[in-house]
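Since the structure comes first, as structure tokens, the remarks are kept for the end.
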Amino acid sequence: MIANEIERYHIPVVQVTSIPQISQGMKVNRIFEGNGITHPFGVPKEKAENERQIRIKMLSEALEMLCH
């Protein structure tokens, strides 16, 4: 996994994926589960403003993972 290679150089990584089992199997340290295969950071069926808030919340949670 590319996340493991990047972290080998002491650069923290959060991998966003819709299939966390694969990342877990590859021993990725920080895994953030996205919403879906085609839209890991979005919900296209939502209204634009709602989706924006969802994306902001997801990004904030993923960034928070970098601190731990």
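Values in this text are rule-based calculations from the coordinates and carry no lab data. No experiment lies behind these values; they were computed from the predicted model shown. Please note: Cβ atoms are built from the backbone with ideal geometry, for glycine as well, and neighbour counts cover all protein chains shown.
Quick notes on this one:
- Equivalent-ellipsoid semi-axes of the chain, from the Cα gyration tensor, Å, largest first: 25, 14, 8
- Legend: calculated FRET efficiency, HIS39 to MET65, from the Cβ-Cβ distance at R0 = 25 Å, rounded to 0.05, equals 0.80.
- Extension gain, ILE2 to GLU49: 0.36 nm times the residue separation minus the Cα-Cα distance gives 13.6 nm.
- Degrees, to the nearest 10: 48-66 long Cα axis against longest axis of the chain: 20
- Stretchable slack from LYS57 to LYS27, in nm (0.36 nm times residue separation minus alpha-carbon distance): 8.3 nm
- Straight-line cross-link partners of LYS57 among the aspartates and glutamates, defined as a Cα under 19 Å from its Cα and at least 8 positions apart when in the same chain: GLU33, GLU46, GLU49.
- Ordering of 40-53, 3-16 by packing is 3-16, 40-53, highest average first (other Cβ atoms within 10 Å, averaged per residue).
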